[in-house]
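**Q** After the structure tokens below, expect a handful of questions from me.
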Amino acid sequence: SLGIGSCWINNLTRLGGEKTVQDYLFKLGLPRGNKVYGCAALGYVSGEFPEAPKRRENNVLFLVGE
């Protein structure tokens, strides 16, 4: 482990087409016309990593059409 925390940010899917967002992404080196599907914030956690919440196990629903 590198000790890096992360947070998935899905809002760029909706906001990626906004002119201000497109301009900023272009400044970062992303060519115009590319579509952003999501992003992640990465960084070092100050202090201890928080304990992950318990997750429900194996809850998968398959929908099969004819």
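**Q** Do you know which residues across the range 27-48 are at negative phi and more than 19 Å from the chain's Cα centre (by Cα)?
**A** Lys27, Pro31, Arg32, Ser46, Glu48
**Q** With the requirement that a residue be surrounded by 10 or more Cβ atoms within 10 Å (Cβ to Cβ), in contact with a helix residue (DSSP H, G or I) (Cβ under 8 Å, 6 or more places away or on another chain) and of a type outside the set (Val, Ile, Thr), what does the range 1-43 give you?
**A** If the condition is that a residue be surrounded by 10 or more Cβ atoms within 10 Å (Cβ to Cβ), in contact with a helix residue (DSSP H, G or I) (Cβ under 8 Å, 6 or more places away or on another chain) and of a type outside the set (Val, Ile, Thr), then Leu12, Leu15, Gly16, Asn34, Gly38, Cys39 are the ones that fit.
**Q** For the range 15-49, name all the residues that are of a type in the set (D, E, K, R) and assigned to a loop (DSSP other than H, G, I, E, B).
**A** Of everything in the range 15-49, those that are of a type in the set (D, E, K, R) and assigned to a loop (DSSP other than H, G, I, E, B) turn out to be Glu18, Arg32, Lys35, Glu48.
Taken together, the values in this text are just the output of simple stated rules run on the coordinates, not laboratory data. Remember, it's a predicted structure, so these values are computed and weren't measured experimentally. All Cβ positions, glycine included, derive from the backbone under ideal geometry; neighbour counts span all protein chains shown.
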